[in-house]
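Heads up, the thing below is written out as structure tokens.
Values quoted throughout were computed directly from the atomic coordinates according to the rules given, and no laboratory measurement underlies them. None of the values given here were measured: they were computed from a predicted structure. Positions of Cβ are generated from backbone atoms using ideal geometry, with glycine treated the same way; all protein chains shown enter the neighbour counts.
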Amino acid sequence: MKKLTEIFTRLQDKTPEEVEALVKQLSKLEHEADLSKNDIRNHLPKSLFLPIDRAQFLDILSIQDSISDKAEDIGHLLMLYPTKELGDLCDHLHQLFEKNMEAFWDTRSVIKELHELVESSFGGIEAEKVKTIIEKTSRTEYEADKLKHALMKEFFKTAENVKTPVFYLYTRLVEEINQISHISEKLANRIRMILELK
């Protein structure tokens, strides 16, 4: 996600060549993530004791992978048409991206706490700390949805004056970017389910 953040920084000023180069780097990172995911799956013990259910672990791994897939999807969309043609809409996209990234970073914090959760048998102060982060992720996802609807409402006020490629690209990007917070919340809720079952 750091590479996608780099792409969105001063997006309007980037040339198509700069965007393409960054997206290629993003795709390489996504491929490496796929290899790591497959390696983990292939070497995950089937009979030995795991601190969480094997199916739950694989589900968490799959959702994490879908976030990197989504990042690559967004990158490829940005290569369809010169981003400078989006004009001020780039600022709106960056605003939505930042809000969605808040949910992502919160969920990343939850994943980083998994080791401590295992050490505490999914209870105590550590579990309460994680539950607080999960609640924050849910609020951020709700805020991201509200922001998305507000941006789309504003956009459609003048949409008839927008070029067709710009219309398509902007509306697709808004939907795809907002999926980051949805997937992040889904991942956080999987951890919540584990806490509630312990």
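Among residues other than ALA150 whose Cβ falls under 12 Å from its Cβ, what is the net charge (Lys/Arg +1, Asp/Glu -1)? Could you put the intermediate results ahead of the total?
Values: positive: LYS99, LYS146, LYS148, LYS153, LYS157; negative: GLU143, ASP145, GLU154.
Within the 12 Å Cβ shell, the charges total +2.
Work out which helices of the chain, taken as complete DSSP H runs, extend at least 15 Å along their axis over the Cα atoms and score a mean Kyte-Doolittle of -0.5 or more, then list them. Helix filter hits for the chain: 54-78, 89-112, 164-197. Once you reduce the stretch 100-177 and the stretch 178-198 to the center of their Cα atoms, the two points are 12 Å from each other.
Taking the charge dipole of the stretch 32-185 about its Cα centre, with +1 at Lys and Arg Cβ atoms and -1 at Asp and Glu Cβ atoms, the residue from LEU117, VAL162, TYR142 reaching farthest to the positive side is VAL162. In the chain, taking the dipole from charged Cβ atoms about the Cα centre, the farthest positive-side position among LEU11, MET79, ALA127 is held by ALA127.
Each residue in SER66, SER184 was given a count of other beta-carbon atoms within 10 angstrom of its own, and listing them fewest first yields SER66, SER184. Among the trypsin sites (Lys or Arg not before Pro) within the stretch 127-159, those in coil by DSSP and having at most 10 neighbouring Cβ atoms inside 10 Å are LYS157.
Once every DSSP H run of n ≥ 4 in the chain is given -39500 (n - 2.57) and the sum is divided by its residues, what mean residue ellipticity at 222 nm do you get, rounded to the nearest 500 deg cm²/dmol? Using -39500 (n - 2.57) per qualifying helix, the result is -27500 deg cm²/dmol.
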